[in-house]
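Structure first, commentary second.
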Amino acid sequence: CFFFLMIRRPPRSTLSSSSAASDVYKRQEYINTQRNQFKRIGGIGRWEDPYITLKPKYEQTQIEVFANLATSGSLYKGLKPVYWCTDCKTALAEAEIEYMEDTVNSLYVKFKVSDDKGLFKNVNNITDNVYFVIWTTTTWTLPGNVAICLGPKYNYTLIKNGSETYIIAQDLYKSVLEENGIENYEVLGTFKGEELEYLKAKHPFLGRDSLVILGDHVTLESGTGCVHTAPGHGMEDYDVTRKYKELDIPVPVDANGILTKEAGILKGLISVSYTHLTLPTKRIV
């Protein structure tokens, strides 16, 4: 069994002569520590000549491979959500995290329809105020919302309540209305999720629209069947929105886990959803 050591080197341009010397010392210290740990567990390797990724020869090969990728047109620039430790200021592997055992508040949120593509014009008694209703337990991700995801084959019901009309999955609307203390309502009609694709609804507190999209991950186990979708906050949301090229990936949170000015009225709040597996007191987003 052979081991290699991967140590990350900061860019040379960011290091002064004194800090560079200190950095070299620290990196060598980490190498020695890791090497000794491998020896203690019985690892067999070329300990005096290990494969170290910061060696110039390795870096040369990296640059050659990168150049080949660039000249062949295989590179592109994009965004993708990652787990991020607000203490270490570094990305984490999924194996390094777990959900916090914590009680959180859930929230129902109304998104007012801004463009129904003429779909509701023949629905009797429909009001001017039509809303998709979403339910979420990750309220801090609302500033990142760009879409509302529906199940393509599920039925969605239009429910009139006073001057408002709500769009909720047919199998869930009764429990949603009961939980919110709504007793007097009228069912106006039903549409398949796939019929509602590409409708638009206003974000509840930011000046942009949320697109109605479709996804096979939507379930009817809880909530409203209308799934709040923020691609900058999770891989499932990211994957489903990549099918809709017109959607952006807003990231309204900084390296400290604090919501930025892009979050509007929620600017300055803390965004936290997990705990570090190996450092359980540390926050990650």
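Leaving out ligands, DNA and RNA, and with a 1.4 Å probe, what % of the accessible surface on the range 102-178 is carbon or sulfur?
That fraction is 41 percent.
Subtracting the Cα-Cα distance from 0.36 nm times the residue separation, let me have the gained length for Thr71 to Ser114 in nm, one decimal.
11.0 nm
What does the extension gain come out to for Asn105 and Tyr30, with contour length at 0.36 nm per residue minus their alpha carbon separation?
Stretched out fully, the Asn105 to Tyr30 stretch lengthens by 22.8 nm.
What distance in nm separates the two pseudo spin-label positions at Glu164 and Val82, each 7 Å out from Cα along the beta-carbon direction?
With each label placed 7 Å out from Cα toward Cβ, I get 4.0 nm.
Whenever you get a sec, compute what percent of the accessible area on the range 22-72 sits on carbon and sulfur atoms (1.4 Å probe).
So the carbon and sulfur contribution to the accessible surface is 56 percent.
Which residues does the label zone of Asn124 cover in the range 167-204, counting backbone N under 14 Å from a point 7 Å along Cα→Cβ?
Answer for this model: 186-190.
Ranking request for peptides 203-211, 50-58: highest mean number of other beta-carbon atoms within 10 Å first, then the rest in descending order.
The peptides rank, most packed first, as 203-211, 50-58.
Going by the alpha-carbon gyration tensor, a ≥ b ≥ c the square roots of its eigenvalues, is the range 148-275 rounded (a/c under 1.5) or, if a/c is not under 1.5, prolate (a/b greater than b/c) versus oblate?
It is prolate, given that a/c is not under 1.5 and a/b is the larger ratio.
Just to confirm, what accessible area per residue do you get for the range 138-285 at 1.4 Å probe, in whole Å²?
Numbers: 7010 Å² over 148 residues.
Heavy-atom accessible area per residue stands at 47 Å².
In terms of modelled amide H atoms, which long-range or inter-chain residues lie less than 5 Å from the amide H of Leu214?
Leu150
Sequence-distant or interchain residues sharing an amide H contact under 5 Å with Gly189, placed H: which?
So Gly189 has HN proximity to Leu158.
If you roll a 1.4 Å probe over the range 214-270 with all protein chains in place, what percent of the accessible area is carbon or sulfur?
On the range 214-270, the fraction of accessible area on carbon and sulfur atoms equals 52 percent.
The values are calculated or read from the model by the stated rules, or taken from the named source; none is laboratory data. These numbers come from a predicted model, not from an experiment. A quick note on method: Cβ atoms are made from the backbone with ideal geometry, for glycine too, and the neighbour counts reach across all protein chains shown. To get the accessible areas, we keep the full protein, side chains included, count just its heavy atoms, and leave off ligands, DNA and RNA. Shrake-Rupley method; radii C 1.70, N 1.55, O 1.52, S 1.80 Å.
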